[in-house]
Amino acid sequence: MNSDMEMTDVRGNWSSADLVDREPPPRPPWWRRWIDSFKPMEHHASDRDTKANEAGEGVEFIAEGPGLKRTLKNRHIQMIAIGGAIGTGLFIGSGGVLAKGGPASLLLGFILIGTMLFNVVMALGEMAVLYPIAGSFSVYSARFIDPAWGFAMGWNYALQWLVVLPLELTAAAITIKYWGSSLDPGIWITIFLVAVIFINFFGVKGYGEAEFIFSMIKIVAVTGFIILGVVINVGGAPDGKFYGVTTWHDPGAFNHGFQVRCNECSLD
């Protein structure tokens with residue numbers, strides 16, 4: 001038993017007793033950890049890629065990197081997946097598109113775009129299971145297509161969010177303005193921007209909890225809107241008017257023809 005305890009590690013000459021007695025390195029201060037968080041992630045080649053390179057199979061990009069802490073729980077993942085599908089397009093954009101293109105155009109647009117996104121997400125999920133990585137989806141493009149393609153996709157995604165974030169903040173201010181706020185929209189944009197930055201200071205756990213709460217609010221809001229729409233449609237509004245399927249006849253299922261139908265697909 002003692003001889004087993006004195007076995008040396010394959011990567012050095014330390015005994016098991018030395019490994020137990022060693023103190024962990026001191027943790028750097030918070031400001032140093034915050035600065036280091038902006039450094040690019042270091043990737044390490046997996047055994048599979050190393051053997052493939054030795055065999056001359058031409059693997060040019062690694063599939064695995066350093067492991068990440070799994071701070072998000074199942075409830076976080078589920079609510080992020082559900083709440084991520086509910087955005088400004090449903091709450092704000094769908095009303096105008098419905099009025100311009102008609103109900104059939106809107107329904108067809110959601111079906112077409114939803115089918116396309118379903119196939120993309122399923123393919124991405126299969127790759128994530130087969131090749132688990134500690135990085136973005138652009139890693140798969142760099143591996144299976146070309147490193148330059150993955151580089152361009154990563155920057156395209158970053159530039160996309162530089163546009164989407166101001167758009168989301170503006171949409172939130174427009175939504176509040178609709179309910180009769182007398183304040184300038186810029187004030188609400190600043191408040192929401194500070195809130196987003198504040199949440200990001202709490203790391204993955206804070207992000208997961210915030211997404212869980214916001215997704216719950218989205219689901220409750222969508223459920224409430226569906227119930228409200230059914231009540232109004234059957235004549236439960238204060239005016240007592242029954243709508244039914246009148247919008248399918250006036251202005252029509254496909255209002256303003258094919259051109260508006262194509263515009264709706266781009267908005268969806």
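Quick notes on this structure:
- Think of the stretch 131-245 as a dipole: +1 on every Lys or Arg Cβ, -1 on every Asp or Glu Cβ, centred on the Cα centre; then among 160, 212, 235, 235 lies furthest on the positive end.
- Residue 104/residue 158 FRET efficiency (R0 41 Å; Cβ-Cβ; nearest 0.05): 0.65
- Remark: spin-label model distance residue 122-residue 27 equals 4.4 nm, labels positioned 7 Å along the Cα→Cβ axis.
- 3J(HN,Hα) couplings calculated from phi for the stretch 119-136 with the Karplus curve 6.51 cos²θ - 1.76 cosθ + 1.60 (θ = phi - 60°) are, in sequence order, 5, 5, 5, 5, 5, 5, x, 5, 5, 5, 6, 6, 10, x, 9, 9, x, 8 Hz; Gly and Pro show x.
- The calculated FRET efficiency for the pair residue 202 and residue 223, based on their C-beta separation and a Förster distance of 30 Å, comes to about 0.60.
- Cross-link pairs beyond the 25 Å C-alpha cut-off, checked among 73/218; 218/241; 177/218; 177/205: 218/241; 177/205
- Across the accessible surface of the stretch 149-268, with the other protein chains kept in place and a 1.4 Å probe, carbon and sulfur atoms take up 75 percent.
- Cα Rg over Rh - the stretch 137-228, Kirkwood: 1.10
- Over the stretch 116-230, relative contact order from alpha-carbon pairs under 8 Å, at least 6 apart, %: 11
- Restricting the stretch 151-196 to chymotrypsin sites (Phe, Trp or Tyr not before Pro) that sit in a DSSP loop and have at most 13 other Cβ atoms within 10 Å of their own Cβ leaves 179.
- Note on residue 182 and residue 115: with the Förster distance fixed at 45 Å, the Cβ-Cβ geometry gives a FRET efficiency of about 0.55.
- Around the amide H of residue 253, modelled in the peptide plane, lies no amide H under 5 Å away from a residue 5 or more places distant or on another chain.
The values are calculated or read from the model by the stated rules, or taken from the named source; none is laboratory data. None of the values given here were measured: they were computed from a predicted structure. In this analysis, Cβ positions are derived from the backbone assuming ideal geometry, glycine residues included, and neighbour counts consider all displayed protein chains. To get the accessible areas, we keep the full protein, side chains included, count just its heavy atoms, and leave off ligands, DNA and RNA. Shrake-Rupley method; radii C 1.70, N 1.55, O 1.52, S 1.80 Å.
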